[in-house]
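Written out below as structure tokens is the structure these notes cover.
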Amino acid sequence: MKFLTDSMFGKLTRFLRIFSYDTVYANDLIDVYELDPIPDDILREFAEKTNRIVITRDYPFHNKIPDKSIYLEGEGVYNFLKQLKEKLDLEYNIDMQHARCSLCNSELKKIENKNEIKDELNESTYLYYDTFYQCVNPECQKIFWNGPHIEEIKRRLKSKLISGSDI
Ligand SMILES: [Zn+2]
């Protein structure tokens, strides 16, 4: 399942990418189309062409393509994830092998030898972790690892989605 997220969903976009969902963020299309904001018709066309479900908080827009879009209400990324799980039965697993770059949506590759990226890490991260992944996009090359931020996401997902409490 692939997504196109509208401009209100920056954080949700990064989360969906970490959970391995191919997600294009509407704001990333501003440079491509040289239009800001991107008109609904262009978003709709892009989503159709690339076979993506639109995630939006614009109800009139959702109403134009009810089968090809999901309307989310309220605030907060865990609240949005909960609604998506209910509507689309999404799974939220973090497996770096399949995750996508949170910044640019490209695939990640495993770093075979962490010495290759030693200069790009702070010393404690380099010493403490052994497994790293890097974005394959030459213009991005962001590095990822299973640090405390990932553990925190897993913990919060468990408490907020499984317990059923709001936010
Ligand atoms: Zn990237």
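Between the helical axis of 77-88 and the longest alpha-carbon principal axis of the chain there is an angle of about 60 degrees.
Overall shape: oblate for segment 10-55, with the ratio a/c of the largest to smallest alpha carbon gyration tensor axis at 1.5 or above and b/c at least equal to a/b. Partners of residue 118 within straight-line reach, counting aspartates and glutamates whose Cα lies under 12 Å from its Cα and excluding those fewer than 8 residues away in the same chain: 130.
Here's how it looks for residue 23: its modeled amide H is under 5 Å from those of 3, which are all 5 or more places away or on a different chain.
With an a/c value of 1.5 or above and a/b not larger than b/c for the gyration tensor axes a ≥ b ≥ c computed over the alpha-carbon atoms, the chain is described as oblate. In units of the compact-protein estimate 2.2 N^0.38 Å, segment 3-88 shows a Cα radius of gyration of 1.01.
Taking Cα atoms only, the orientation of helix 148-157 departs from the longest principal axis of the chain by about 40 degrees. In this structure, the amide hydrogen of residue 69, modeled 1.01 Å from its nitrogen in the peptide plane, lies closer than 5 angstrom to those of 54, counting only residues at least 5 positions away or on a different chain.
Magnitude of the charge dipole for segment 50-112, about its Cα centre and with charges confined to Cβ atoms of Lys, Arg (+1) and Asp, Glu (-1), is about 180 debye. Relative to the longest principal axis of the C-alpha atoms of the chain, give the angle of the C-alpha long axis of helix 40-49, reported between 0 and 90° and rounded to the nearest 10°. Around 60 degrees separate the two axes.
Overall, the chain carries a charge dipole of about 600 debye about its Cα centre when +1 sits on the Cβ of Lys and Arg and -1 on the Cβ of Asp and Glu, all other atoms neutral. Between 65, 33, 129, the Cα set farthest toward the positive side of the dipole of the chain (charges on each charged residue's Cβ, about the Cα centre) is that of 129. Its Cα centre serving as origin, segment 108-162 has a Cβ charge dipole (Lys and Arg +1, Asp and Glu -1) of approximately 500 debye.
We did not get these values from a lab; they are worked out from the coordinates using the rules stated. Keep in mind the model is a prediction, meaning the values are calculated, not measured. Here Cβ is always computed from backbone atoms with ideal geometry, including for glycine, and neighbour counts include all displayed protein chains.
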